[in-house]
1. Once amide H atoms are placed 1.01 Å from N in the peptide plane, what residues at a sequence separation of 5 or more from Lys311, or on another chain, have their amide H within under 5 Å of its amide H?
2. Excluding ligands, DNA and RNA, what is the solvent-accessible area per residue of segment 84-151 at a probe of 1.4 Å, expressed in Å²?
3. By how many nm would the segment from His144 to His317 lengthen if fully extended, with 0.36 nm per residue of separation less the alpha-carbon distance?
4. What residues have an amide H closer than 5 Å to that of Thr301, excluding those fewer than 5 places away on the same chain, when H is modeled at 1.01 Å from N in the peptide plane?
5. Exceeding 31 Å between C-alpha atoms, which entries from my cross-link table qualify? They are Lys68/Lys359; Lys330/Lys358; Lys302/Lys341; Lys148/Lys339.
6. By how many nm would the segment from Thr202 to Leu239 grow when fully extended, if each residue of separation counts as 0.36 nm and the alpha-carbon distance is taken off?
7. Structure shown: which of Lys118/Lys181; Lys181/Lys288; Lys27/Lys343; Lys128/Lys181 lie over 18 Å apart, alpha-carbon to alpha-carbon?
8. Can you give me the long-range amide H partners of Arg182? Hydrogens built in the peptide plane at 1.01 Å from N, cutoff under 5 Å, separation of 5 or more residues or another chain.
Amino acid sequence: MAGIGKKRVKKRTHLKEDPAREASVPKSMVIRAGASEIGKSLSLLTRDLRHMMEPHTAVRLRERKANKLKDYLTMTGPLGVSHLLVLSRSDTNANLRIVRAPRGPALHFRIHEYMLNKDVRNLQKTPKSPNAEFLTPPLLVMNHFNTKSSKETPHEALLTTTFQNMFPPLSLQSTNVNSVKRVLLLNKRDDGYIDLRHYLITTKPVGVSRPIKRLLKGQTHPSDLPDLGGVRDISDFVLHGEGMSGAPSDSEAEEDATVEVSRPAPTKIEEKLLSESQLLKPKQQAIKLIEIGPRLTLELTKVTEEAIGGKVLYHSHVHKSEDEVRQLDKFHEENRSLKEKRKRVQEQNVQRKLDKKKKKSKKNKPSSEHSGSEASEGESEGEEEEEKEVADAHTADV
C-alpha cells in the first residue's frame with residue numbers, strides 16, 4: 001500500500017522505461033535571454049512554446065537575471081538536453097535562436113509576426129482546450145524544405161535536419177497512430193519566410209446520423225448523452241431526432257478529408273445501433289485540425305558554427321567575397337589553435353600543481369608522525385607531573 005501523499009506506481013503491469021531509448025529522445029529548453037527585460041508579451045510566447053514542445057521539455061523552468069547562456073549550455077550535458085530555444089528582444093524586433101547543445105551550430109531567426117495561444121482561441125467560434133494531447137510529442141510536417149544543400153543555399157540541409165532532430169522520429173511499426181494528437185506544421189514560403197502553426201487532431205465518424213453520433217459520443221463522455229425523458233422509444237429519437245434518418249450531420253467533413261481505418265472490436269452500443277454490413281465495413285472517420293497556437297512567422301538571418309559566436313556559415317543580409325571568406329577562415333583557424341594551446345597549457349599547469357602537492361604531502365608524513373610522538377610524550381610527562389603535585393598537596397594537608 002502506498003504511503004500517504006505518495007503516488008502509486010504500477011510494478012507488475014506497467015512497462016519499464018528503456019534507458020537507451022530515453023537517452024535517444026531529443027529534449028529541449030525554452031529560455032529567455034534577459035528575462036527581466038524581454039517584456040510580458042514575449043514571456044507569454046515563451047510559455048506557449050514550452051507547451052508546444054511538450055512532453056520532452058522543461059515547462060516550469062524559471063530563469064534568473066544572473067543566468068547566462070553559458071550556464072544553460074553547461075547544464076545541458078547532465079540533464080540530457082539536446083536543443084536550446086532562446087528568445088530575445090532587440091531595439092527593433094524579437095529574435096529566436098535554436099542552438100544544438102552543447103557546442104552548436106546555432107540558427108538565428110527574426111520573428112516578424114507572432115500570435116499567442118489566447119489570441120488564437122479568441123478568434124475561434126468554439127475553441128477547444130487541450131488536456132491529454134500534450135502527453136505525446138507532435139507530428140512534424142514540413143513543406144517546401146530542401147534536404148540537400150547547394151552552393152547558393154548551403155544552409156538548407158542544416159535547417160531541415162535541425163527541425164527534424166528537435167522531435168523524436170515516428171516508427172510506422174511501433175508507433176500507435178491513435179497516440180498522435182497534435183501536428184506542428186512548418187511551411188517555407190517562396191520569399192524564404194517560415195510559417196509555424198500548431199494544431200490539434202480531432203476525428204469524427206462519417207456516414208452516421210447525428211442522433212447516433214451523439215449516442216456514440218455519450219459512451220465515452222456521459223455528460224454528452226441526450227435527454228430522452230420525452231421520448232417513448234429510442235427509435236423515435238434515432239428516426240425523428242435532431243437529424244433525418246441516415247442524413248449526415250452539418251459539421252461532416254468533405255470527402256478529401258475522410259479516411260478509412262480498421263474497425264476495432266464493436267462495443268455493445270455499436271452492435272445495437274449499427275447493422276451487420278456496417279460493422280463489416282472499414283470504419284470511416286473525418287479528420288479535422290483545430291489550431292491551438294502559437295503562430296510564428298520566422299526569417300532565417302544567420303547560422304553560426306558554435307553556440308556562442310564562432311564562424312558565420314550563412315548570413316542572409318551580409319555577403320562576403322572569396323578573399324574575405326579566406327581571411328575569416330584563417331582568423332577562425334588561428335583562434336581555434338590558440339584555444340587548444342591555452343587548454344593544453346592549463347592542463348599541464350593543473351597536473352604540475354597536483355604533482356607538487358603530492359610530493360609535499362609525502363615529505364610531511366614522517367615529520368608529522370615524529371612530531372605527533374613527541375607531543376604524546378610531552379602530554380604523558382605533563383600528566384605525571386600534575387599527579388605528583390596533587391599527591392604532594394594531599395600529604396601536606398594530612
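The values are calculated or read from the model by the stated rules, or taken from the named source; none is laboratory data. Since this is a predicted model, take the numbers as computed values, not measurements. A quick note on method: Cβ atoms are made from the backbone with ideal geometry, for glycine too, and the neighbour counts reach across all protein chains shown. Heads up: the accessible areas ignore ligands, DNA and RNA and are worked out on the full protein's heavy atoms, side chains in. Shrake-Rupley method; radii C 1.70, N 1.55, O 1.52, S 1.80 Å.
1. Result for Lys311 returns Glu305, Glu306.
2. 63 Å²
3. Stretched out fully, the His144 to His317 stretch lengthens by 60.1 nm.
4. Residues meeting the amide H criterion: His108, Phe109, Arg110.
5. Violating the 31 Å limit, Cα to Cα: Lys68/Lys359; Lys330/Lys358; Lys148/Lys339.
6. So the chain would gain 10.6 nm between Thr202 and Leu239.
7. In this structure, Lys118/Lys181; Lys27/Lys343 lie more than 18 Å apart at Cα.
8. The answer is Leu139, Ile201.
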